[in-house]
Number of protein chains: 2
Amino acid sequence: MTKQPHKSLAVFPNGVSWTPVDEALEHLRLSLKPILDFEFINVSDSLDYILYEDILANRSNPPVGNTAVDGFGFAHQSIKNKNKKLNLCVDRIAAGDSYQGIVPQGSAIKILTGAELPRGVDTVVLQEEVTIENDNIILNTDLKRGENTRKVGEDIEKGKCVLTKGSRIRAQDIALLIATGINQIKVYLLLKIGILSTGNELIHKVSNKDSNKTLDANRPMLMNIVKKWGYQSIDLGNVNDNKTEIKTKLNIASEICDIIFTSGGASTGDEDYVGRLLKSDGNLYNWRIAMKPGRPLALAKWNETPVIGLPGNPVAAFVCTIVFGRPICGLLSGEGWLKPNSFQVPAAFSKNKKIGRREYLRARVKNGKVEIFHSEGSGRISSLSWADGLVELREETSKVNLGDLVKYIPFNGVF
Amino acid sequence: MTKQPHKSLAVFPNGVSWTPVDEALEHLRLSLKPILDFEFINVSDSLDYILYEDILANRSNPPVGNTAVDGFGFAHQSIKNKNKKLNLCVDRIAAGDSYQGIVPQGSAIKILTGAELPRGVDTVVLQEEVTIENDNIILNTDLKRGENTRKVGEDIEKGKCVLTKGSRIRAQDIALLIATGINQIKVYLLLKIGILSTGNELIHKVSNKDSNKTLDANRPMLMNIVKKWGYQSIDLGNVNDNKTEIKTKLNIASEICDIIFTSGGASTGDEDYVGRLLKSDGNLYNWRIAMKPGRPLALAKWNETPVIGLPGNPVAAFVCTIVFGRPICGLLSGEGWLKPNSFQVPAAFSKNKKIGRREYLRARVKNGKVEIFHSEGSGRISSLSWADGLVELREETSKVNLGDLVKYIPFNGVF
């Protein structure tokens, strides 16, 4: 255990005001609005789309009373007074059959799982719980009225709300929509997220002459995060550190995208063209968030289109995308402001921490405990591959002891 | 709290041997083998593909030593003997620059985040931590050698293993592959999963004449589960409860699919054509697993192609797909045998349970506690929409008390 935080963490200059993560998030939550365009889409193709309105059942599920098991159906009235013997009808009803007959009181009929209960039947006995004797069955068990049956609409009644506006459609929701007779749904248009990399140092293929240059890992990473989120990514390519080039690109992007993610140059230093441009022309809200990693993160608007100016460092870009990008996109896309799933997990590590800032540690769970990557260096892209989630340590936390419960955010919960 | 399990749960006939979930899983794990075909794919397009071989770095990350901050670079030797004053060079090095000069001992040079350290520089001081006086900078802090710099290969050294065979590619893995100079990777062909629904009772659109029939919710649900898993789904449509039709379909499917998921008719009753066919011609391994929901589940092979015969009930089909389908597909696809992520979460419910069988309860976490759906009825498709995960109760569990830690499997961890 290190007694002191690593020296290089002590990077927040004094005399500058740093905005807490929650304050920045709350500002964004209140200042952004969902896009308003919608389309109609087939339910089967609606995975990861977001509902534009509440959906009401077109029919009940189940549509008719049916049997939950293979067995024999009869009227419960028939076994009053402890009668256990029922006359067996010759017919048999399977799922999908439209049986027109009536089962007389005192009689039972063979009925198979999923089949509609015929008139005269309200209760079913499992076939394993009867003895067959000539033309009769003898019940070897007691039954309540309605046992082993499913009542019409017991899952959902026709006209009732099936799924609410803002729901993101999952595979099981598709099952529910189909079962309740819904073929098409009104959904928000997929959020269009523009991805732009900036920096003279970036190259896209290794070559000998550029051996000191940086391969642009952010753009493909962000494109694929967006894909995983189920939104539409727009590849805005790469621009050099040149004010005019960046400005032109942002002008075009703000026309075709609902939100723009840039990476690189997000601070306001000499070469931080994105940050400086957002400050002068981009209605910059903030670029000093008290979090680690994640400095600098620029939050702005370009021609009313939100811009998230991510740090060039892939680790910081990744963490900011989870912490800020995900809820912002949720809100814009109609899904609402989402907090990532998290779990309280015992720490397999101990750590001293500077108070006053939020820290996100690359982490994973092993044997029920959460461990963190051996280095906090934000240049360690390998740590993102190593990790399955993040540990979030709040501003007021100064120390984590082995075994303390800490907040663990699995990546699976945000992608 | 119900004192007794619901009567309708007591459905496991006596005198029949039921296979524990773990025993069935272990049998499958040992008897199945991954498909062996591969392809080459661009890293940027490789999301959710599975690596066919270990990947070694084509170059180091970072490729050269660089600065982690905006600041002034110098040789640490220059500040030995408590010297705090350094002569400031006129040049400035930004990321992407190829600076050819040498910084003399006793001097410092302005250097911006990500820029390569020039010869003569091994340490960087943050610009906020110096005072500039004429042509000199005065350091207001102590620094260790190498501080605020990133060493060549400190993340990954050229030739070292970046990702291992069997890894499923995530967005952050794409960043790592690109940063280490990888353009193409060898991956397993996407697993091809055939989805077949069976049952005379199934319809695909609501109509008045079929008001008692069941809308086929399973096939679109399963197609979308497969999509979410990142595999390739093959829609095998729907067949009636007819031995010849099912046989023909399985023959074709086993030629074009790596694995087949059927739903409906998986038991061995009168109308359970799938189960009976798998028993007579399909090398049926098992169809009596001691789990709830999930009865009956048929595990078989048709012409050497694994077949998972799911129950017709969407709730049971969904649970079996998570519990059996996911690890089986993981193994076949080259990803290996995966256990779903799970967390120990305090129960917001209490419940008595029959020992001897595994139960999966539809669940979700609220305020740090896991709650379960109000009904255990397996006809309740709405419970799947309500839920965000499953609580797994083991065979030996007979009771859950309020506040007990239970195993919670979030759906996000399996999709």
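The values are calculated or read from the model by the stated rules, or taken from the named source; none is laboratory data. Model, not experiment: these values are computed from the prediction. Counting neighbours? That spans all protein chains shown, and the Cβs are built from the backbone with ideal geometry, glycine included.
Quick look at the numbers
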{"quantity": "Candidates A:78, A:46, A:107 - the one that is under 33 Å from the mean Cα position of the chain (by Cα), surrounded by 14 or more Cβ atoms within 10 Å (Cβ to Cβ) and among the hydroxyl-bearing types (Ser, Thr, Tyr)", "calculated": "A:46"}
{"quantity": "Hey, residue B:354 without any contact (Cβ under 8 Å) to a residue 24 or more places away in the chain and part of a loop (DSSP other than H, G, I, E, B) or not", "calculated": "no"}
{"quantity": "Positions within region A:317-340 being within 11 Å of chain B (Cβ to nearest Cβ) and either closer than 18 Å to residue A:29 by Cα or out of contact with any strand residue (DSSP E or B) (no Cβ under 7 Å at 6 or more places or on another chain) (or both), in sequence order", "calculated": "A:318, A:321, A:322, A:340"}
{"quantity": "Near pairs, Cβ below 7 angstrom, 6+ apart or cross-chain, from region A:256-267 (more than 8 Å from residue A:309 (Cβ to Cβ)) to any residue that is of a type in the set (D, E, K, R) and surrounded by fewer than 24 Cβ atoms within 10 Å (Cβ to Cβ)", "calculated": "A:256/A:192; A:257/A:192; A:258/A:192"}
{"quantity": "Region B:107-146, subset of a type in the set (A, V, I, L, M, F, W, C) and touching a residue at least 60 places away in the same chain (Cβ under 8 Å), residue nearest to the other protein chains (Cβ to nearest Cβ)", "calculated": "B:143"}
{"quantity": "Those residues of region B:27-43 which are over 20 Å from the mean Cα position of the chain (by Cα) and charged (D, E, K, R), in sequence order", "calculated": "B:37, B:39"}
{"quantity": "Qualifying positions in region A:347-379 - within 13 Å of residue A:316 (Cβ to Cβ) and at pLDDT below 95", "calculated": "A:376, A:377, A:378, A:379"}
{"quantity": "Residue B:196 vs. criteria more than 10 Å from chain A (Cβ to nearest Cβ) and surrounded by 23 or more Cβ atoms within 10 Å (Cβ to Cβ)", "calculated": "yes"}
{"quantity": "Residue in region B:266-275 that is away from chain A (no Cβ under 14 Å) and either within 19 Å of residue A:181 (Cβ to Cβ) or touching a Ser or Thr at 6+ places or on another chain (Cβ under 6 Å) (or both) present", "calculated": "no"}
{"quantity": "Criterion (closer than 17 Å to residue A:97 by Cβ, at the interface with chain A (Cβ under 7 Å from one of its Cβ atoms) and either free of Cβ contacts under 8 Å to residues at least 12 places away in the same chain or in a loop (DSSP other than H, G, I, E, B) (or both)) met by exactly one of B:212, B:224", "calculated": "B:212"}
{"quantity": "Residues within region A:77-106 that are in contact (Cβ under 8 Å) with a residue 24 or more places away in the chain, touching a Gly at 6+ places or on another chain (Cβ under 8 Å) and in a strand (DSSP E or B), tallied", "calculated": "3"}
{"quantity": "Unique match (being surrounded by fewer than 22 Cβ atoms within 10 Å (Cβ to Cβ), on the phi < 0 side of the Ramachandran plot, acidic (Asp, Glu) and touching a strand residue (DSSP E or B) at 6+ places or on another chain (Cβ under 8 Å)) among A:376, A:396", "calculated": "A:376"}
{"quantity": "Looking only at region A:165-180, and only at residues there that are over 14 Å from residue B:227 (Cβ atoms) and of a type in the set (S, T, N, Q), the one that is surrounded by the most Cβ atoms within 10 Å (Cβ to Cβ)", "calculated": "A:180"}
{"quantity": "Hey, residue A:193 under 19 Å from the mean Cα position of the chain (by Cα) and either at positive phi or in a strand (DSSP E or B) (or both) or not", "calculated": "yes"}
{"quantity": "Check on residue A:209, closer than 30 Å to residue B:412 by Cα and basic (Lys, Arg)", "calculated": "no"}
